[in-house]
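Nothing in this text is a laboratory measurement; each read-out follows from the coordinates by a stated rule. These numbers come from a predicted model, not from an experiment. A quick note on method: Cβ atoms are made from the backbone with ideal geometry, for glycine too, and the neighbour counts reach across all protein chains shown.
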Amino acid sequence: MRSRNPVFSRRGFSRDNGYAGFNTAPQAGGPAVATQANPYAQPTGNPYAQNPYAQQDLQYGAPPQAPAAAGRMTIDDVIVRTASTLGLLIVTAALSWALLPVDDANISRSYGIGIGAALIGMVLALVQSFKRKPTPALILTYAAFEGVFLGVISSIVDNRIADGAAMQAVLGTMAVFAGVLVAYKAGWIRVNRRFYGFVMAAALGFILLMAVNLLFAVIGGGDGLGFRSGPLGIVFGVIGIILGACFLALDFKQVEDGIAYGAPREEAWFAAFGLTLTLVWIYMEFLRLIAIFNSSD
């Protein structure tokens with residue numbers, strides 16, 4: 001199964017045509033049918049058939065609160081790897097902010113470096129997205145280049161458009177992350193097939209509109225159809241943040257299911273990769289909104 005992320009496709013924790021956990025809720029001592037949709041407990045068709053606990057899972061189910069077994073992904077693994085990825089991104093962003101000035105004499109060069117880093121990061125992300133196994137070095141390299149891009153863009157907006165914009169965007173991103181996490185854990189957000197289908201349809205429409213807008217901008221100059229500036233830009237910026245919040249919920253669901261179904265520890269890198277993509281998406285939408293609001297003053 002591919003990613004729910006609106007930017008890049010990535011492999012999820014489910015290996016069937018559905019979303020892990022949509023059809024079943026694994027329970028200790030549950031009937032055999034509860035394991036039929038468990039991609040980590042099937043002795044046939046299970047990519048993790050080497051899991052020494054697979055037969056036990058087949059017999060007893062895979063309880064969400066089962067004690068962590070050696071080699072299985074835990075929430076601590078996800079936190080550590082996500083912190084490593086985001087930490088490297090923040091360090092390279094800070095370095096590019098400090099070392100790539102955006103004054104009138106240097107802005108073109110710095111902007112060019114930022115765009116080049118963004119393109120490299122995009123290629124690396126796409127390569128990782130289509131790999132069957134996570135490559136930590138590839139994910140961390142992506143984070144490093146993405147950080148260079150974010151540092152340059154944030155510096156430009158902060159120094160030339162809206163003072164303090166970067167910190168406001170960071171705080172907004174953190175608020176969305178915390179809000180979605182609380183809502184997800186409280187059960188206010190239910191991630192099921194209907195939710196997934198709605199989010200995917202909305203994200204596809206959003207991306208197509210942005211692609212058309214970019215095409216018109218390249219051909220005619222300016223902001224194309226105006227979807228990313230002025231009143232329309234504000235509307236689409238809010239929609240982009242809402243979509244990012246929805247994809248965060250899907251990311252949380254993937255992590256939860258991966259832990260419940262005994263995903264191997266290496267899958268934590270996929271979780272870190274996906275969360276980083278989504279948080280970058282939300283941050284960029286906040287930064288764009290702040291720039292639009294300050295440009296209209």
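Distance between the C-alpha centres of region 232-259 and region 72-96: 19 Å, rounded to the whole angstrom.
The phi torsions of region 198-213, fed into the Karplus equation with coefficients 6.51, -1.76 and 1.60 and a -60° offset, translate into couplings of 5, 5, 5, 5, 5, 5, 4, x, 4, 5, 5, 4, 5, 5, 5, 4 Hz, rounded to whole numbers, with Gly and Pro shown as x. Among 207, 156, the ranking by other beta carbons within 10 Å of each residue's beta carbon, starting with the fewest, stands as 207, 156.
Applying 1/(1 + (r/R0)^6) with R0 = 45 Å to the Cβ-Cβ distance of residue 74 and residue 238 gives a FRET efficiency near 0.80. What you get for region 98-230, charging only the Cβ of Lys and Arg (+1) and of Asp and Glu (-1), is a dipole of about 920 debye around the Cα centre. Listed from fewest to most Cβ neighbours within 10 Å, the set 184, 111, 142 follows the order 111, 184, 142. Peptides 263-274, 116-127 ranked from most to least packed, by the mean per-residue count of other Cβ atoms within 10 Å: 263-274, 116-127. Counted residue by residue at 0.36 nm each, then reduced by the alpha carbon distance between them, the extension gain from residue 132 to residue 200 reaches 22.3 nm.
Footprinting exposure proxy ranking of 89, 214, fewest other C-beta atoms within 10 angstrom first, gives 214, 89. Distance from the Cα centroid of region 184-227 to that of region 109-183 is 18 Å (rounded to whole angstrom). Taking 0.36 nm per residue of separation and subtracting the Cα-Cα distance, full extension of the segment from residue 105 to residue 161 would add 18.5 nm.
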